[in-house]
Each structure stands twice: as structure tokens, then as C-alpha cells.
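Enquirer: Mind having a look at this structure? Questions to follow.
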Amino acid sequence: MTTESTAPRRKTLVDMASPEAPRGLLGRVADSELFRYLALSGQLAVVLLVIRSYKLEGRVFEKLAVLLWAGFTVHYFLPVRWRLQFFGLLSAAGVLAIFGPLPGAWLLGIGLAVIGICHLPIRFGARLAILLSATVLLGAMRVGRIPVPWSAAIWPVLGSMLALRIIIYLYDLEHRSAPFSFWRSVAYFFMLPNVVFPLFPVVDYQTLCRTYDDDDKDRTRGHQIGIDWMVRGTVQLVLYRLIYQHLPIDTTAVRDVPQLLRYLLWPFLLYLNVSGLFHLVIGMLRLFGFNLPETHHLFYLASSFTDLWRRINIYWKDFMMKIFYYPAYFRLRKLGNNTALVLGTLVVFLATWTLHSWQWFWIRGSFLLKGTDVLFWTVLAVLVATNVVVEANRPMIRRLGSTVRPLKESVRRGFQALGVFLVICVLWSLWVSDSFGDWVSLFSVLQKAGRNDLWLVPPVLGGAALFLLVALYYERRKTPPFQFYRHAFQSGATLLVVALLGRPAVYNRFHADVAAVVEKLKSPGLNSRDAARRQRDYYEKLNDVGWDNPELAKVYMVRPADWGSIRYRPDLVKFNEGLPYLDLLPNARGRHRGAEVQFNRWGMRDRDYPPEPAPGVYRIALVGASHTFASGVKQEEGFESLLEDRVNREDRLGRYERVEILNFATEGYSPLDVLASMERKVLRFKPHAVLYVVHQLDAYSAVSRLSKLLNDHAPIPYPELLDFARAGGMGPGSQEKAATRALESRREALLAWAYRQLAERCRSRGI
């Protein structure tokens, strides 16, 4: 039996700062405004340094970090009556600092003009009509139909500020549900973090006004919670980077059960990116007195589909409930409560799908419209609507005296959370797939499952057990009362661990493989899947760049309006059913990928040449894909033009008077297209040499092109290609992604065959 020591316990700084602590000198210092500012400012500085060290938000974030830290310092000590105006001016300064004076002024001017339309002294319907007309005009500018005098870089941020928030603002303005003033409007639309984070939470105007702290009562509590959320967001973004760099694979890489499980798991885990960004953003806003609520709350542990809807992207849920669900529900209630619940839920998910695409249009310049997108929201709507009806008709359980659930019920909810997590993982994998057929074909690998896959059972069961333990912990934990310095210590300790882990002097002490993983954590580069998808953009659709690859989406966010694949430019190319997949139109001209393109009479992006080389001319035929075509580069600045001019200028041709380099390259050509183009076009110009500029993804593009030909029942001019497909169990009519998976293991053999055919045709003609 032990007894407590009677020796007095030494008081910590946390104890002295607590309400029960005696007000000694150290306690008064710890409670002083200056001391708390130093604690907050120090944490903020370390958060920003960690974000910079891990390159979580790119170089542009560095300017925001300086503004944020300096702005917080000034705001903290400003009199109350000036704080809102200061935040508005700071936000405007952020726009000008990030975009520069002229583009920033355009962004601010357009935003203020749209806000002004909302306040025109005319009836609401007329204002709405003017606003819709302005939206159509801006939309035409967004896609490049109408030329604009400002940089395209402002569009994602401008759309993020206005596309959804204007709906909320108009609603609150019409219902007079919140106070309105010039500075409140500026603070709402031009919120400082928005200039760097186009993917921004849908902040509610009424909530922003209601939670704004316009006095000094316990404001450091709100600031510290903001820092806590910024730390949480930073950790989530680091975890997202870890998952993003190592887990995602394309559907074509799923060839066994372990890869199938990996494909089902990674898409939902990548949602940490959104959660991390939103925690970071709202944490920043809380530093300026906007005591907004959480945006996400333990959404991986949701115990039902309605619980998931309540926990994941809470701001979006509140937006949908306010603007769509409640108006629909109360109008439909005459049809019966259950009917109103179901129809109201379906209205919400229809609006969610539509507005996600609308938001994506302003961020990327194109609508996110895929069959899997529609199917995902439809299935999720049915699941949530079913849960809504079940919960509405379930008797309420009342508990007296304690809010802690019985252990048995907590365990049951843990199993429910595991079930919801697994269902959403499967559903999310459908969402990111290119088509429903492509997704279904993934499960064909289950037919190959055998004893060799039994090793998966222990890790899968272990993962499920770990999930249940975490769910049980969060289900039964008690939240202690808020204490400023305890929270500051916890956040500081977390930051210290993350910061130290990112120091080369620390992680280089680990095993080489571990050090390599940490080193990659600090790199914002694309993973192998997205790098391949970016390359495929040259001959495939851009619409496959969705919410499942946010790093790649950043690359395309500010692309020019003419950046789409050339195959969708009927003014520049003619599409072929077989090989090569397209031809450049003779004498066509236009703007493509940010540069002017002009083709000669033979359909080449080059000078005009006679069909046969003149005496004394050494002719080289240049073949290849987008890099050789010089996509996004002026014709005279492409390496082919520069090389031809330099060789002729330096006169080192021996017995030849000059050289001609004919550029037959075409954007998106695979080795199979190059082979067909050689036979149909290149050899007619009688070159002395052929220079083929290859790419590291040629093997993949050859398999992809053959799979596309099989899927489309397109004519295949080479019997060897059909033999190659049949050897992999494929033939005409095979589903494209299934064929790609089946032929992937033999892609090097296909590439070698294509190279041999090219070489043989050249040698037989003395080339």
C-alpha cells in the first residue's frame, strides 16, 4: 500500500496560468497579453517554417507567410474598432503581393464589381438577372472565348472567391440574416488565405459575422485553437504527401489481389489533402478573430453514412442544408415526412454534384463531368437518404446522469465505423476510375487469387483491429477543459517532432530507405502515376485530372485555355480511325498550348520543302511526339529549327551545301503511330537519315495505343500486333484498360518490335 507524498508539488507554468492558480508574479506574467502573444507568435513562426521546409504549398506561400505573421502581430495589438478594417486591407494587400499590382488590381476590381451588383438599389430579381449575365460573361472569358487584359493566373482564385460564396451572400442579403457593411463584405470575399488556396472551404457569411470576436474577452483561446488546427493541418498534409508519393497506382497496374487492395484504399486516404488545407485555412482565419468552427471532424471514424455527411467537409454540409435541403424539405413535407426527407436529400446531392463541377470549372477551366462522378454521387445519395429515414424513425435513446456510452455500444459503433470506411473506400475508388467498366474489370484479379495471397490475411486483420482500437479510443475519450499553455505545449511539441524529422542531419541517421522516404516527403513533385497521366495528356483527355490527383490538378490550374490535346482541334488536325491516330491539316494555323502553330502544305510544323531533296542537300527526317513537335514553343524556337539554322550557318557539311531537317513529329504519337507515319508519309520525301526522338514512356504509349485500337475495333495494319494482343488473351473488342493491364508485362517487347520495324525500313532504303 502506498501513500501520497506530503511534499508540495512544484507548480508548472500551466498551473500558474490556470484560473485556480494563485496570482503570484510569474502567474501574472504568464497571463499577460504580451506573454501570450509571444507564445502564439512563436508557434505560428514554427508552423510557417515547417510548411516552408516541407514545401507543402509552394514558393508563393512564402509571401503569404510573411504577411500572415506580420499581420497577426499588428492585428493582435490593434484597438478593437480597427481590426476588421485592417484585416480587409491586409487581404487586399495579399492579393496585390501575390499576383502583382496590375493582375491583383483586376482581381480586386472584378470582385468589388460583383459585390456591388448584389447591392444595387433595385428589386432582387433584377439584381439576380444582372449577376447571372455577368457570370456568363466571366465564364466566356474563363474559357478564352473573350480575350482579357489580365493574367489567366487570377481565374482560380477569383472563381474560388465568388463561385459559391456569392450564393450564400445573396441568400443572407435577401433574408437579412446577418449585418452588412463594406468591410464585412471585403473580409468575406477576399479572405487573406484564399489568395494562395483556391480550393477553399465554403465559409458561411452569417457564421462569419456571428463568430467574429469584436472584443478582447478570452480571445487568446480562439487564437490558440487556430494554431492547434494549423498544426493539425500541417501534420495531415505531411501524411498526405507520404500517401501520395507511395500508394496511388493506375488501374492498368492492378494485376493481383494486393494491388487491388491498394487501389481500393489510396483514393479515400488522399482526402487528407482537403482536410489538411481546410484546417490550415480556418486556423489562419481564427488568428484574426474569426472563431469559425471545425471543417472536418474524425471523418474516417464515421459510424453511419449520415454521420459521415455530418463530419466530412462540414462547411459544405451546412451550405447544402441552408440553401437546398431546408427549403426543399419544408415545401415537400406535405407529401409525408419520409418522402420529404428522401427527396430533400436527393436534391442536396444533385446540387452537390452540380456545384462540385461548377467549382471545378472556375478552378481548372473545364467541367468535371464523368460517368463515374454521377454514379458516385447517386450511390452516396441513396445510402445517406436510407440512413436519414432509418434514423428519423428510430426511437431516441435517453440517458440520465452520464453522457458516456456503454462499452458494448461503443464497440458496436466501432464495427459500424469500420464498415462505413470500407464501403466508402470502395465507392471512392469508383469515383476516381475512368469508367464503370474499367472499375469493374479490376475485380477480375480475384479469379487469380490463391494460396499465395494468404499472407494478406494477418495484415488485413491487424489493420482492422487497429482501426477498431482507434475508433474505441476516440469514442470513449473525455475532452479535458481548455488550458492555454497546455495546448501551446502540445502543439509546440508536435511541431518540434515534425521539424526535426525534416532535418537532413536527423533523417540521414536512419536506414537509407527510411531517409529516402523522408527526403521524398519534402518534395512537392508528382508521383509516378500523375507523371504518367501528365505525359498522356498529350494524346488523351484532360478530364481525367480530378479530385484524386490534387498535385497534378495544381499543374493544370492556370493552364491557358488552348492547352487541351491537339486531337480535339478539328481546325488543326484530322482524326484517323487506325494508325497513325491523326494527321496535321495542310496549311492550317492557330494558337495551341500558348504558342502559334502553322503547318506547311504537306501537313508538317515546319518550313515548306520540295518533295525531293535538291542536289547538294542532305535531308534528315525528324520523327517523334510532342517534345519533337515543340508543343508550347514557337516554331522558330524549336530545337529542330535552331539546329538546322546553326548547322547551315557554321558550314560544316563537307561535300553537302546545306542540310534540311523536316519535322514530321506530331503531338501524341506513339511508336506505332511513328511507324505508320514513316510508311505513309516520311519515306516519300527521300531522306538521307531519320532521327527518332524517343521518350521514356514510349513503351507505355505503344501498349496504350494498341489497347485503344482493340477497344474501338479499329483497323490494325500489322498482323504482328494482333498476334501480340492474342498472346495476352486480348483481341478486337477488348475493353481498353483491361487490354492495357493484360499487355503491360510485355510492353518492352512491343516497343522493341516497333523499333526493329522502323530500323528495317530505313536500312532497306539505304537510310
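The values are calculated or read from the model by the stated rules, or taken from the named source; none is laboratory data. Since we're looking at a predicted model, the values are computed, not measured. Backbone-built Cβ (ideal geometry, glycine too); neighbour counts: all protein chains shown. For the accessible areas, the whole protein counts, side chains as well, though only heavy atoms, and no ligand, DNA or RNA atoms are used. Shrake-Rupley method; radii C 1.70, N 1.55, O 1.52, S 1.80 Å.
Enquirer: Which of the trypsin sites (Lys or Arg not before Pro) found in the stretch 474-514 are loop residues per DSSP with 10 or fewer other Cβ atoms within 10 Å of their Cβ?
Expert: Arg477, Lys478, Arg509
Enquirer: Also: What FRET efficiency do you get for Ala465 and Val143 if R0 is 51 Å and r is their Cβ-Cβ distance, rounded to the nearest 0.05?
Expert: Using R0 = 51 Å, I get an efficiency of 0.50.
Enquirer: Can you give the angle from 0 to 90° between the axis of helix 747-763 and the longest principal axis of the chain, with both taken from C-alpha atoms, to the nearest 10?
Expert: 30 degrees
Enquirer: Over the Cα atoms, compute the radius of gyration (one decimal) and Dmax (the largest Cα-Cα distance, rounded to a whole number) for the stretch 114-244, in Å.
Expert: Here Rg and the maximum Cα pair distance are 17.9, 53 Å.
Enquirer: Hey, what angle do you get for helix 671-680 against the long axis of the chain, alpha-carbon based, 0 to 90 degrees rounded to 10?
Expert: Tilt relative to the chain: about 30 degrees.
Enquirer: A follow-up question, please. What full-extension length gain, to one decimal in nm, is calculated for Asp723 and Glu409 as 0.36 nm per residue of separation minus the Cα-Cα distance?
Expert: That works out to 107.0 nm of additional length.
Enquirer: Right, here's the next one. Computing the accessible area with a 1.4 Å probe over protein heavy atoms, can you report the carbon and sulfur percentage for the chain?
Expert: Ligands and nucleic acids excluded, carbon and sulfur reach 62 percent.
Enquirer: Same structure, new question: Please compute the length gained on full extension between Ala449 and Glu650, using 0.36 nm multiplied by the number of residues separating them and subtracting their Cα-Cα distance.
Expert: Stretched out fully, the Ala449 to Glu650 stretch lengthens by 65.9 nm.
Enquirer: Can you tell me the dipole magnitude for the stretch 159-309 around its Cα centre, using point charges on the Cβ only (Lys, Arg +1; Asp, Glu -1), in Debye to the nearest 20?
Expert: 240 debye
Enquirer: In addition: Can you give me the Kirkwood hydrodynamic radius for the stretch 270-350, using every pair of distinct Cα atoms, in Å to one decimal?
Expert: When all Cα pairs of the stretch 270-350 are included, the Kirkwood radius is 14.2 Å.
Enquirer: Please list the non-local residues whose amide H lies under 5 Å from the amide H of Leu691, H modeled 1.01 Å from N, same-chain partners needing a gap of 5 or more.
Expert: Residues meeting the criterion, in which the H sits 1.01 Å from N, are Ala621, Leu622, Val623.
Enquirer: Apply the Karplus curve 6.51 cos²θ - 1.76 cosθ + 1.60, θ = phi - 60°, to the phi angles in the stretch 165-180 and return the couplings in whole Hz, x for Gly and Pro.
Expert: 3J(HN,Hα) across the stretch 165-180, in whole Hz: 5, 5, 5, 5, 4, 5, 4, 5, 5, 5, 8, 6, 8, 7, x, 10.
Enquirer: A further question on this structure: Okay, helix-only estimate at 222 nm for the chain: each DSSP H run of n ≥ 4 adds -39500 (n - 2.57), divide by all residues, round to 500 deg cm²/dmol; what do you get?
Expert: -18500 deg cm²/dmol
Enquirer: Based on the alpha-carbon set only, what is the convex hull volume of the stretch 359-509 divided per residue, in Å³?
Expert: Spread over its residues, the Cα hull of the stretch 359-509 gives 280 Å³ apiece.
Enquirer: Using only the Cα atoms of the stretch 574-663, what semi-axes does the equivalent ellipsoid have when each is the square root of 5 times a gyration tensor eigenvalue? Give whole Å, largest first.
Expert: That gives 25, 16, 11 Å for the three semi-axes.
Enquirer: I've got another one for you. If the chain were replaced by its equivalent ellipsoid, with semi-axes equal to the square roots of 5 times the Cα gyration tensor eigenvalues, what would those be, largest first, whole Å?
Expert: Semi-axes, largest first: 53, 32, 29 Å.
Enquirer: Could you pull the Cα extents of the stretch 332-381 along its three principal axes, largest to smallest, in whole Å?
Expert: 42, 19, 10
Enquirer: Mind checking the stretch 165-202 for trypsin sites (Lys or Arg not before Pro) that DSSP puts in a loop (not H, G, I, E or B) and that have at most 14 other Cβ atoms within 10 Å?
Expert: Hits after loop and neighbour filter: Arg176.
Enquirer: A further question follows. For the stretch 605-701, what does the relative contact order come out to in percent, with C-alpha contacts under 8 Å and a separation of six or more?
Expert: That works out to 45 percent.
Enquirer: Just add up the charged neighbours of Tyr507: K/R +1, D/E -1, any other residue whose Cβ is under 13 Å from the Cβ of Tyr507.
Expert: In short, +2.
Enquirer: Still on this model: For the stretch 136-196, what's the radius of gyration and Dmax over Cα atoms, in angstrom?
Expert: Both quantities, over Cα of the stretch 136-196: 13.8, 39 Å.
Enquirer: If contacts are Cα pairs under 8 angstrom and at least 6 residues apart, what is the relative contact order of the chain in percent?
Expert: 12 percent
Enquirer: Let me ask you something else. For labels at Ala493 and Leu697 in the simple 7 Å Cα→Cβ model, what's the distance in nm?
Expert: 4.6 nm
Enquirer: ³J(HN,Hα) across the stretch 466-471 via Karplus (A = 6.51, B = -1.76, C = 1.60, θ = phi - 60°), whole Hz, x for Gly/Pro?
Expert: 5, 4, 5, 5, 5, 4
Enquirer: Another question, then. Write down the percent of antiparallel bridges among all DSSP beta bridges whose residues are both part of the chain, to the nearest 5.
Expert: Antiparallel bridges make up about 45 percent of those DSSP assigns within the chain.
Enquirer: Output the pairs from Lys408/Lys478; Lys55/Lys322; Lys322/Lys478; Lys478/Lys522 with a Cα-Cα distance over 29 Å in this structure; if there are none, say none.
Expert: Too far apart for the 29 Å limit: Lys55/Lys322; Lys322/Lys478; Lys478/Lys522.
Enquirer: Okay, next question. Using C-alpha positions alone, give me the convex hull volume of the stretch 593-749 per residue in cubic angstrom.
Expert: In the stretch 593-749, the Cα convex hull volume per residue is 133 Å³.
Enquirer: Can I ask one more? Given a 1.4 angstrom probe, what's the average accessible area per residue across the chain, in square angstrom?
Expert: Using a 1.4 Å probe on heavy atoms only, each residue of the chain averages 47 Å².
Enquirer: Taking the 0 to 90 degree range and rounding to the nearest ten, how far is the long axis of helix 639-650 tilted relative to the main principal axis of the chain, both from C-alpha atoms?
Expert: 50 degrees
Enquirer: Give me the Debye-computed log₁₀ of I(q)/I(0) at q = 0.18, 0.24, 0.33 Å⁻¹ for the stretch 104-151, equal point scatterers on Cα only, no solvent, two decimals.
Expert: Log-scaled intensity ratios, in q order: -0.61, -0.92, -1.18.
Enquirer: Which semi-axis lengths, in whole Å and largest first, follow from the square roots of five times the eigenvalues of the Cα gyration tensor of the stretch 680-753?
Expert: Working through the eigenvalues yields semi-axes of 25, 15, 10 Å.
Enquirer: Using modelled amide H (1.01 Å from N, peptide plane; none on Pro or chain starts), what sits under 5 Å from the amide H of Glu660, excluding residues fewer than 5 places away?
Expert: Those qualifying (amide H under 5 Å, at least 5 residues apart or on another chain) are Tyr618, Arg619, Ile620.
Enquirer: Could you tally the net charge around Val573, taking each other residue with its Cβ under 12 Å from the Cβ of Val573, Lys/Arg +1 and Asp/Glu -1?
Expert: Here the charged neighbours net out to +1.
Enquirer: Amide H of Leu582: which non-local residues (sequence gap of 5 or more, or other chain) have their own amide H closer than 5 Å, using H built in the peptide plane?
Expert: Result for Leu582 returns Asn576.
Enquirer: Label points 7 Å out from Cα along the Cβ direction at Tyr326 and Gln85: separation in nm?
Expert: 3.4 nm
Enquirer: How much length, in nm to one decimal, is gained on full extension between Arg756 and Thr479, taken as 0.36 nm per residue of separation minus their Cα-Cα distance?
Expert: Length gained between Arg756 and Thr479: 92.8 nm.
Enquirer: Nothing charged except the Cβ atoms of Lys and Arg (+1) and of Asp and Glu (-1): what's the magnitude of the dipole of the chain about its Cα centre? Round to the nearest 20 debye.
Expert: 1440 debye
Enquirer: Now a separate question. Sort 254-261, 514-521 for me by packing, meaning the mean count of neighbouring Cβ atoms within 10 Å per residue, highest on top.
Expert: Peptide ranking by packing, descending: 254-261, 514-521.
Enquirer: Related question: Short version: ³J(HN,Hα) in whole Hz for each residue of the stretch 110-115, in order, from phi by Karplus 6.51 cos²θ - 1.76 cosθ + 1.60 (θ = phi - 60°), x for Gly and Pro, what are they?
Expert: With coefficients 6.51, -1.76 and 1.60, one gets 5, x, 5, 5, 5, 4 Hz.
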